[in-house]
Amino acid sequence: MKPESLQRFVEAWGAMGALWGINRSVARVHALLMATEGALSLDEIAERLGMSKGNASMSLRDLRNFGVVRQVEVRGDRRDFYVTEPDVWTMFFRILTERKRRELDPAAEAVRRLALDSGATGAVRERLRQMEELLSTFDALASRLLRDPGSSRAALALLSGAPGGRPRRGPKLA
């Protein structure tokens, strides 16, 4: 991949990650690994992204916790190397699982407790009830999607009108 194309992708993925509540450095490390053939060492990642080894290491730890990056061995080298999950759908479902666990589940529980214990009345009580219903709907949808990723992928493709989950527009990548 051309260095300038890689740099644009890394920065765009970092910006998108930041908008979605993911640390920009984490998203940039993920982008670099997604756009790189083969494994990269911690030193290579830090150098190529112009970040400290500590920041790169913490980003890799977060990505490993999400299950989208794994550590691998490179024969003849004692350093740790990293690769991304090769299947983007698997990556998507792992990220969704972790985000649900970290963000949606605690928020839904907090709203449930507030709706039950707040003593709110009138319009405030109704808003809390609606918020609880909305979060419960998202929770049920996410749980159903995560129960069977293969079927969920087919359902998402059907909903989007894209056969097999592939976009209908734009150039096809080789």
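Only one residue in GLY119, GLY150 is outside the structural domain of ALA39 (by TED's automatic domain parsing), assigned to a loop (DSSP other than H, G, I, E, B) and at pLDDT below 90. Which one?
Among GLY119, GLY150, only GLY119 is outside the structural domain of ALA39 (by TED's automatic domain parsing), assigned to a loop (DSSP other than H, G, I, E, B) and at pLDDT below 90.
Condition test on LEU145, is it modelled with pLDDT of 85 or more and surrounded by 11 or more Cβ atoms within 10 Å (Cβ to Cβ)?
yes
Kindly indicate whether any position in region 28-39 is of a type in the set (Ser, Thr, Tyr) and in contact with a strand residue (DSSP E or B) (Cβ under 7 Å, 6 or more places away or on another chain).
no
Identify, from the list GLU103, GLU37, the residue that is in the same structural domain as LEU141 (by TED's automatic domain parsing) and either under 26 Å from ARG153 (Cα atoms) or under 16 Å from the mean Cα position of the chain (by Cα) (or both).
Answer to the check: GLU103.
Look through region 1-34, keep the residues that are among the charged types (D, E, K, R), part of a helix (DSSP H, G or I) and surrounded by fewer than 14 Cβ atoms within 10 Å (Cβ to Cβ), and return whichever of them is nearest to the chain's Cα centre (by Cα).
My answer is ARG8.
Could you identify the single residue in GLY38, GLY76, GLY67, GLY54 that is exposed (fewer than 15 other Cβ atoms within 10 Å of the Cβ) and closer than 23 Å to ALA18 by Cβ?
GLY54
The values are calculated or read from the model by the stated rules, or taken from the named source; none is laboratory data. Source: prediction; values computed, not measured. Positions of Cβ are generated from backbone atoms using ideal geometry, with glycine treated the same way; all protein chains shown enter the neighbour counts.
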